[in-house]
Amino acid sequence: MHKGLLIVISGPSGVGKGVICRCLLNQRPELKVSVSATTRAMREGETEGVNYFFKSKDEFKRMIADNAFLEYTEIFGSHYYGTPHAYVQEQQCLGNDVILEIDVQGAMSVKKRCPDAVFIFIAPPSMSTLRCRLVGRGTESPEAVQRRFDTAFKEMKWIGEYDYIVVNDVLEDAVKQIDSIVTAEKLRVQRNEILIQRLQEGEML
Ligand code: 5GP
């Protein structure tokens, strides 16, 4: 069986990664989304084990010591976020495609460990649109919004390290584009070695 695809999606806070991933899942229910661990507080409407596994700093540090993460980062200078390794490995081995919605630093760590993953950067149509979206969300203090905006600005410098850039202007278009990327990536010759070997060996099914 072929290993599932690892799809890494990054983009600044407020760009709409969460909504895009949810829409993508509606279209491709077979996709698996990795649930990250974080030390940040739970927001209204979030559920343990669905949005995140919410951990104390000590618990998170214990997971680091146990080598439980594929990658982890400290974001916004105060909170840890990490991708539990076991789930990703398990799903990929079952042949399932897995999505990681992680920040740029995390994506770069994954790139080192899993160079065959697909890296997609979701960008806003403009930085002013991003600021409006961050303010409009109303979940953070003005200082926190500014911190997220500054981080977003720095993240833009990393776009060149990604395989694809998708602009989230019209949501449906962005989802369609990511869907097309996944389809194309699954058709890559390097990802279809078993089929090719069978054909080349003349196997009659
Ligand atoms: P939020 O606090 O808004 O849920 O997420 C803040 C940032 O953390 C987002 O850019 C999100 O992509 C990133 N993030 C979420 N989970 C992980 C993770 O497991 N690893 C890394 N490196 N970043 C993550």
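The values are calculated or read from the model by the stated rules, or taken from the named source; none is laboratory data. Since the model is a prediction, treat every value here as computed from it, not as a measurement. Please note: Cβ atoms are built from the backbone with ideal geometry, for glycine as well, and neighbour counts cover all protein chains shown. All accessible areas refer to the heavy atoms of the entire protein, side chains included, with ligands and DNA or RNA removed. Shrake-Rupley method; radii C 1.70, N 1.55, O 1.52, S 1.80 Å.
Placing unit charges on the Cβ atoms only, positive for Lys and Arg and negative for Asp and Glu, gives the chain a dipole magnitude near 320 debye about its Cα centre.
Oblate is the label for the range 152-205. Its Cα gyration tensor axes, ordered a ≥ b ≥ c, give a/c of at least 1.5 and b/c at or above a/b. The Cα atoms of the range 98-193 give a gyration tensor whose axes a ≥ b ≥ c have a/c of 1.5 or more with a/b greater than b/c, which makes the shape prolate. Ligands, DNA and RNA aside, Lys154 has an accessible area near 140 Å² when probed at 1.4 Å.
Electrostatic tally near Ile102: other residues with Cβ closer than 12 Å to its Cβ, Lys and Arg +1, Asp and Glu -1, net -2. Here the Karplus curve 6.51 cos²θ - 1.76 cosθ + 1.60, taken at θ = phi - 60°, turns the phi angles of the range 173-187 into couplings of 5, 4, 5, 4, 5, 5, 4, 5, 4, 4, 4, 4, 4, 6, 8 Hz, with x standing for Gly and Pro. Rounded, prolate or oblate: which one fits the range 5-126, using the alpha carbon gyration tensor with axes a ≥ b ≥ c (rounded when a/c is under 1.5, else prolate when a/b beats b/c, else oblate)? Cα axes put the range 5-126 in the rounded bin. To the nearest 10, the accessible area of Ile165 is 100 Å² with a 1.4 Å probe. In the range 79-181, taking the dipole from charged Cβ atoms about the Cα centre, the farthest positive-side position among Cys132, Ile102, Asn168 is held by Cys132. Amide H to amide H distances under 5 Å link Phe69 with His85, where only residues 5 or more positions off or on other chains count and H is placed in the peptide plane. Positive contributions from Lys and Arg (+1) and negative ones from Asp and Glu (-1), summed over other residues with Cβ under 13 Å from the Cβ of Phe69, come out at 0. Taking the accessible area of the chain, probe 1.4 Å, and keeping the other protein chains in place, the carbon and sulfur fraction comes to 53%. Rounded to the nearest Hz, the phi-derived 3J(HN,Hα) couplings of the range 156-172 under the Karplus curve 6.51 cos²θ - 1.76 cosθ + 1.60 (θ = phi - 60°) are 4, 5, 9, 3, x, 7, 8, 7, 9, 10, 10, 8, 8, 9, 9, 3, 4, where x marks glycine and proline.
DSSP beta bridges fully contained in the chain are about 30 percent antiparallel. Averaged over residues, the count of other Cβ atoms within 10 Å places the peptides 168-175, 98-105 in the sequence 98-105, 168-175, highest first. Computed from phi, the 3J(HN,Hα) profile of the range 32-44 under the Karplus parametrisation 6.51, -1.76, 1.60 (θ = phi - 60°) reads 10, 10, 6, 8, 7, 9, 8, 9, 6, 5, 5, 8, 4 Hz, with x in place of Gly and Pro. Counting heavy atoms of the protein chains alone, Arg198 has an accessible area of about 100 Å² for a 1.4 Å probe. Based on DSSP H segments of at least four residues, each scored -39500 (n - 2.57), the chain has a per-residue ellipticity at 222 nm of -13000 deg cm²/dmol. Under a 5 Å amide H cut-off, with hydrogens placed 1.01 Å from N, Ala123 pairs with Val166, Val167, Asn168 among residues at least 5 apart or on other chains. Compared with the direct C-alpha span, the chain from Arg133 to Asp173 gains 12.6 nm at full extension, assuming 0.36 nm per residue.
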